[in-house]
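Down below is the structure, laid out as structure tokens.
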Amino acid sequence: MKKLVKKLLALGLAGATICGVLASCSPGADTSSSDSGSGAAQASQDAGGAQGGDGAQTAEKKKVVLWHLWTGAEAGYVDEAVAAYNAQSDLYEVEAVSTPDSQKIMVAIQAGTGPDITDDFTNNIGSYASKGIMMPLDDKIAEVGADLSDFVPSTLEACRYEGKLYALPVGMNLMALFYNKDLLAEAGYTEPPKTMEELYQMAVDTTKVNDDGTIDVLGFPDFPSVYYMDNFAAALGGGWYDENGKPASPDNEGNLMALQYAVKYREQFGVDNVAKFGSAGKYLDPTDPFLAGKETFRVDGNWLGQNIKELFKVDVNYGCTFLPYPEGREDLAGRGIASSSMYYIPSNAKEPDGAFDFLLYIAGPEGTMIQSVSRGGFPSLLSQFDSEEFKKSYDSDVFTALAESPNLFALPNVPQSTEYATICNEEVELALNLKQTPEQALQNIYERGSALFE
Amino acid sequence: MAQKKPPVRGKKRNSHTAAGILFALPWIIGFLAFSLYPIVMSVYYSLTDFNMFQAPKFVGLENYTALFQDEKFYKSLWNTMYMTVLGTPLSLLVGLLMALLLNQKVRGMPFFRTLFYLPSVVPLVASSMLWLWILNPQYGLLNQMLQKLGLYQPNWLTDPDFTKPALLIMGVWGVGGIMIIFLAALQDVPRSLYEAAEIDGAGTLKKFVHITLPGISPVIFFQLIMGVINNFQYFTQAYLMIGSSTGGGLNVVSGGAENSLLFYALYLYQNAFNLFKMGKASAMAWILFLIVALVTFVIFKTQDRWVSYGDD
């Protein structure tokens, strides 16, 4: 009898595993996100309430729930835009909640307890729209006769999937090469590199190594590692997709060149040393090596200058220019990926009309100015390119030139984008750790990617 | 003369049953709605192509066959087995050693017991963040100590050979819960047995092997089962470490350095919530259930050989 009870207990414990795993994995139970997320959400709610000014919701206004991914100062900008909307809207009252966990938002939407409107990045549109997560906007836009001609065409195009519009952009995300002028000057350089060959030589010349071989100053733009490959491959004429939105050929010269140079730098200074340097600091944090003056080159977005000067207030003597092109290929200057932040309405939103009204506001001139452009963001509206607020923002001249570059392109919106990006990261990582050659990595990406797209 | 019990009349018995059911009803409803229904639905979902937003499409055993052809599934199994096979005995061993030390009669023992138990009341997220600093390859406390000793300083966070050992070290720091249960068990071993053994001339080691270990074997057995189940569900620390090692704050679907931290529960999570493959994730949950049930059954089968309940 006792043994039977024990066996039942054991099976019960094992059975609890199923519930345990699902519970421990669910974003609600994931302490990393729920603890910080809910705390931030509460803080933001408090801040939103305070900034909203009115505090209590006006009885006759319908409530629209906005969950956004921003935290800290950026969440404050969203709150300001929301407060401005609430002050001018007679019909709707938007309640903003900072929810910096996209999985949490997804699960809530699926459970029917999600927001009426939320935000994300355009590279997820293919995945979300193909699964029915997002509400198509074409009918609503036609209904109110909204004029979309002021949007930068490529940003609006990035919000479409299979011909339908699923979101509206709020600010463009462009990537450029940032460089530490002092570190370059120490090595005798007065101008930033134009070609990849020049960049590599400068990277080697400015790298400083400690006695034990570890790296004190990283010359190559290897941090954060996730930014390097996609953007340099694009700048050098490559990219992970071909013109049909399918995996790029393994012979793609731009991809091969970008990977070969990263591997070459690691071979020269030691894989372990470069990896140690990379994992010692955290992106946009006081330990960030570029902010600490310990990184010569950095591939980053139009938000970096604002972060350096306004948020972290560090004294880094930096410059900003286009990413380099291969020697003799001036025609590729200004080649890069354009993506955007965007807002969308979940397909099961309880207040879709209110959400759409707010969407038009937040993506319109006033909303984007408050949330993005006056805070160093790059406009997604053509009319804001000449605004004083944008001209005052850091590095706006370089990013404006980049936005006008004929070589700028948007990634295709495909349902497999997340999985394909994971495959690319995994194979590139093996090459960077010298576990396979760059050629093998690109071949594997092509084979695994092709199988995925089939 | 034995008295006959008055028979309970049918009506009264029925009302007792009804009252019993009524009192148990909240639990019954909760169990049906929040346990049984999701479990049954997860069986169904494991046989479907389901992304949580569109109607499930029945695909038979396709999710299971796809998993058995998925290299990352085996990688996640290997990583999880590594943590289970090495992490469980290591935690038990360190927990037992600490309990033995804290079972000595020394002045200020309550202080030491509190001190050693303290790490296990620190929330997992907070302790993980703390350890990410200790394990920082360039500025971390651990590598600075190793440097002073002239030893190799591993890249704990991004070298695939060292990421799991780093988690094992983190795990050992938090064995306070295991230690406290062992401590209670040690204090439950009858003193008379030690006294009798001492009279027979038994030394410390013999007393430990022949009295202490058998005396606490039911507790070792319990902790072993719980440890195995917990390690099969290893998630939070790996999730945080990956977030840190990928540059921090960037939304990347990753299993850590060369997928060395892709534990089973993490891969299940990625399938469910990053890739929206709830059917595949449900299939993974059921495979894990079968594995855990099998391992638990095997451990139970061995208990006759080494677990002593005293009254058997």
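The values are calculated or read from the model by the stated rules, or taken from the named source; none is laboratory data. Just so it is clear, the structure is predicted and the values come from calculations on it, not from any experiment. All Cβ positions, glycine included, derive from the backbone under ideal geometry; neighbour counts span all protein chains shown. Ligands, DNA and RNA are stripped out before the accessible areas are found, and what is left, the full protein with its side chains, is counted by its heavy atoms. Shrake-Rupley method; radii C 1.70, N 1.55, O 1.52, S 1.80 Å.
General remarks:
- Positive minus negative residues near residue A:276 (Lys, Arg vs Asp, Glu; Cβ under 11 Å): -3
- Buried area at the B-A interface (accessible, heavy atoms, 1.4 Å probe, summed, Å²): 5100
- 37 °C / 0.692 mPa s Stokes-Einstein diffusion coefficient of the range B:15-62, Kirkwood radius on C-alpha pairs, µm²/s: 254
- Sequence-distant residues sharing a close amide H with residue A:318 (under 5 Å, placed H): A:181
- Charged side chains reduced to their Cβ positions (Lys and Arg at +1, Asp and Glu at -1) give the protein assembly as shown a dipole of some 5500 debye around its Cα centre.
- Per-residue HN-Hα couplings for the range A:252-259 [Karplus 6.51, -1.76, 1.60; θ = phi - 60°; Hz; x = Gly/Pro]: 4, 5, x, 4, 5, 5, 4, 6
- Among A:284, A:126, B:256 the positive-end extreme of the charge dipole of the protein assembly as shown (Cβ point charges): B:256
- Dipole axis of chain A (+1 Lys, Arg; -1 Asp, Glu on Cβ), positive-most option in A:362, A:336, A:428: A:428
- Dipole of chain B, positive end: most advanced residue of B:84, B:145, B:288 [Cβ charges, Cα centre]: B:288
- At full extension, residue A:210 and residue A:186 could sit 6.9 nm farther apart than now, given 0.36 nm per residue minus the alpha carbon distance.
- Distance cut-off 21 Å, percentage of C-alpha pairs in the range B:214-305 lying past it: 45
- P(r) weight above 52 Å for the protein assembly as shown, C-alpha pairs, percent: 21
- Members of A:181/A:391; A:276/A:435; A:181/A:309; A:276/B:148; A:276/A:313; B:72/B:280 lying beyond 20 Å, as alpha-carbon distances in this model show: A:181/A:391; A:276/A:313
- Counting Lys and Arg as +1 and Asp and Glu as -1 over every other residue whose Cβ lies under 13 Å from the Cβ of residue B:216, the net charge comes to 0.
- Available extension along the chain between residue A:397 and residue A:451 is 15.2 nm, counting 0.36 nm per residue and deducting the alpha carbon span.
- With θ taken as phi - 60° and the Karplus curve 6.51 cos²θ - 1.76 cosθ + 1.60 applied, the whole-hertz 3J(HN,Hα) list for the range A:198-209 is 5, 4, 5, 5, 5, 4, 5, 5, 9, 5, 10, 10 Hz, x standing for glycine and proline.
- For chain A: rounded, prolate or oblate by the Cα gyration tensor [a/c cutoff 1.5]: oblate
- Here the 3J(HN,Hα) profile of the range B:268-276, calculated from phi with Karplus coefficients 6.51, -1.76 and 1.60 at θ = phi - 60°, is 4, 4, 4, 5, 6, 10, 9, 9, 6 Hz, Gly and Pro shown as x.
- Burial of 50 Å² or greater, the range A:210-256 residues [accessible area, probe 1.4 Å, versus chain by itself]: A:226
- Shape category assigned to the range A:267-314 from the gyration tensor of Cα positions, a/c cut at 1.5: prolate
- Sequence-distant residues sharing a close amide H with residue A:175 (under 5 Å, placed H): A:337
- Shape of the range B:24-102 from the C-alpha gyration tensor: oblate (a/c of 1.5 or more and a/b not above b/c, with a ≥ b ≥ c the square roots of its eigenvalues).
- Accessible area of the range B:15-62 belonging to carbon and sulfur atoms, whole % at 1.4 Å probe: 77
- Note on residue B:306: accessible area is roughly 90 Å² with a 1.4 Å probe, heavy atoms of protein only.
- Residue pairs, from the table B:75/B:277; A:350/B:57; A:131/A:350; A:104/B:75, whose Cα atoms sit over 23 Å apart: A:350/B:57; A:104/B:75
- Close amide-amide hydrogen proximity is noted between residue A:62 and A:92, A:93, each under 5 Å apart and 5 or more residues distant or on a separate chain (H modeled in the peptide plane; Pro and chain starts excluded).
- Local charge for residue B:261 was computed over the other residues whose Cβ lies under 11 Å away, with Lys and Arg +1 and Asp and Glu -1, and equals +1.
- Only helices enter this figure: runs of n ≥ 4 DSSP H residues, each worth -39500 (n - 2.57), summed and divided by the residues of chain A, yield -14000 deg cm²/dmol at 222 nm to the nearest 500.
- Ordering of A:126-136, A:310-320, B:195-205 by burial proxy (mean other Cβ atoms within 10 Å per residue, highest first): A:126-136, A:310-320, B:195-205
- Taken about its Cα centre, chain B carries a charge dipole of about 1280 debye when Lys and Arg each add +1 at the Cβ and Asp and Glu each add -1 at the Cβ.
- Rolling a 1.4 Å probe over the protein heavy atoms gives the protein assembly as shown an accessible area of 46 Å² per residue.
- Gained length - residue B:32 relative to residue B:172, 0.36 nm times residue gap less alpha-carbon distance: 46.6 nm
- The charge dipole of the range A:308-454, taken about its Cα centre with unit charges on the Cβ atoms of Lys, Arg (+1), Asp and Glu (-1) only, comes to about 240 debye.
- Ellipsoid semi-axes in whole angstrom, largest first, where each is sqrt(5λ) of the Cα gyration tensor of the range B:67-306: 36, 25, 14
- Apportionment of accessible area to carbon and sulfur, the range B:67-306, percent (1.4 Å): 67
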